[in-house]
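Here is the structure we will look at, set down as structure tokens.
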Amino acid sequence: MARLTLSSKNQIVLPKEARQAMGVRGGDQILVVVKGSVTLLMPKPKKYAKALSGSGKGLYPKRYLKTERRSW
């Protein structure tokens with residue numbers, strides 16, 4: 001487990017293992033998501049459409065979308 005230290009300028013340096021695992025390099029943007037007492041760091045996707053593609057699969061029962069579209 002790697003440790004970070006917050007500098008007096010509120011900056012951190014990501015350990016090499018974390019950078020490699022996330023696939024980021026110098027100049028890349030990282031998203032910070034805060035949920036309660038947990039903070040998540042993740043690389044900013046280059047294309048959001050590609051990153052979100054298929055993420056809703058399995059959320060709705062079969063034929064739900066067809067039924068909804070017919071109701072329009």
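The values are calculated or read from the model by the stated rules, or taken from the named source; none is laboratory data. What you see is a predicted model; the values in this text were computed from it and never measured. Reconstructed Cβ throughout: ideal geometry from the backbone, glycine too, with neighbour counts over all protein chains shown.
Just a few scattered comments:
- Considering residues of the stretch 50-71 that are among the hydroxyl-bearing types (Ser, Thr, Tyr) and part of a helix (DSSP H, G or I) only, the residue farthest from Ile12 (Cα to Cα): Ser71
- Scanning the stretch 27-49 for residues that are modelled with pLDDT under 90, exposed (fewer than 10 other Cβ atoms within 10 Å of the Cβ) and assigned to a loop (DSSP other than H, G, I, E, B) gives Lys46, Lys47.
- When residues of the stretch 50-66 are limited to those that are among the hydroxyl-bearing types (Ser, Thr, Tyr) and farther than 30 Å from Arg19 by Cβ, the one modelled with the highest pLDDT: Tyr64
Here is a yes/no grid of residues against (1) at positive phi; (2) in contact (Cβ under 8 Å) with a residue 12 or more places away in the chain; (3) among the polar types (S, T, N, Q):
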{"position": "Leu6", "(1), (2), (3)": "no, no, no"}
{"position": "Ala21", "(1), (2), (3)": "no, no, no"}
{"position": "Met42", "(1), (2), (3)": "no, yes, no"}
{"position": "Ser53", "(1), (2), (3)": "no, no, yes"}
{"position": "Leu59", "(1), (2), (3)": "no, no, no"}
{"position": "Tyr64", "(1), (2), (3)": "no, no, no"}
{"position": "Glu68", "(1), (2), (3)": "no, no, no"}
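- The residues of the stretch 33-49 that are of a type in the set (S, T, N, Q) and closer than 22 Å to Glu17 by Cβ amount to a single one, Thr39.
- Subset of the stretch 1-26 [in a loop (DSSP other than H, G, I, E, B) and touching an Asp or Glu at 6+ places or on another chain (Cβ under 9 Å)]: Ala2
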